[in-house]
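Visitor: So that we are looking at the same thing, I have put the structure below in structure tokens.
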Amino acid sequence: MLALALNATTVNPTTNINECTAVANHQEKEYKVIEQGDIAPEVLKSAVDKYGGYSLVNAYVAADGTDYKFILTKDGKDLTAYFKNDGEFIKEETA
């Protein structure tokens with residue numbers, strides 16, 4: 001048994017790690033490479049507003065069209081930024 005914090009919580013030690021992995025893999029999306037001119041205007045505006053001064057290395061759109069993924073660089077440091085297809089920022093990941 002495993003106790004966490006002040007309120008003891010029992011965790012089943014027989015949890016199958018493969019079950020958790022399957023859920024995580026299900027959430028990954030497939031992306032296809034696109035040109036800067038193919039980025040929706042509202043998404044491009046949001047990206048430029050948030051990442052002015054960065055250079056676009058690669059742009060991708062989700063196979064289902066729901067979001068965009070951008071590889072950006074500035075001062076030799078890369079990051080990945082995700083935006084919904086309406087321009088809303090989702091998240092940022094650093095390399």
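The values are calculated or read from the model by the stated rules, or taken from the named source; none is laboratory data. These numbers come from a predicted model, not from an experiment. Here the Cβ is made from the backbone with ideal geometry for all residues, glycine too, and neighbour counts use every protein chain on show.
Visitor: Working only within the range 53-75, note down all residues that are in a strand (DSSP E or B) and either among the β-branched types (Val, Ile, Thr) or surrounded by fewer than 12 Cβ atoms within 10 Å (Cβ to Cβ) (or both).
Guide: If the condition is that a residue be in a strand (DSSP E or B) and either among the β-branched types (Val, Ile, Thr) or surrounded by fewer than 12 Cβ atoms within 10 Å (Cβ to Cβ) (or both), then Ser55, Val57, Val61, Ile71, Thr73 are the ones that fit.
Visitor: Looking for something farther than 18 Å from Glu28 by Cα, at pLDDT 95 or above, touching a Leu at 6+ places or on another chain (Cβ under 7 Å) and of a type in the set (Phe, Trp, Tyr) - is there at least one such residue anywhere in the range 64-76?
Guide: no
Visitor: Only one of Asn25, Asn7 is modelled with pLDDT under 95, surrounded by fewer than 16 Cβ atoms within 10 Å (Cβ to Cβ) and part of a helix (DSSP H, G or I); which?
Guide: Asn25
Visitor: Select from the range 76-88 the residues that are assigned to a strand (DSSP E or B) and among the charged types (D, E, K, R) and list them in ascending order.
Guide: Matches in the range 76-88: Lys77, Asp78, Lys84.
Visitor: If you don't mind, another one. Any residue that is under 16 Å from Val33 (Cα atoms), in contact with a strand residue (DSSP E or B) (Cβ under 8 Å, 6 or more places away or on another chain) and either among the β-branched types (Val, Ile, Thr) or buried (at least 16 other Cβ atoms within 10 Å of the Cβ) (or both) - is there at least one of those in the range 43-52?
Guide: For the range 43-52, residues under 16 Å from Val33 (Cα atoms), in contact with a strand residue (DSSP E or B) (Cβ under 8 Å, 6 or more places away or on another chain) and either among the β-branched types (Val, Ile, Thr) or buried (at least 16 other Cβ atoms within 10 Å of the Cβ) (or both): present.
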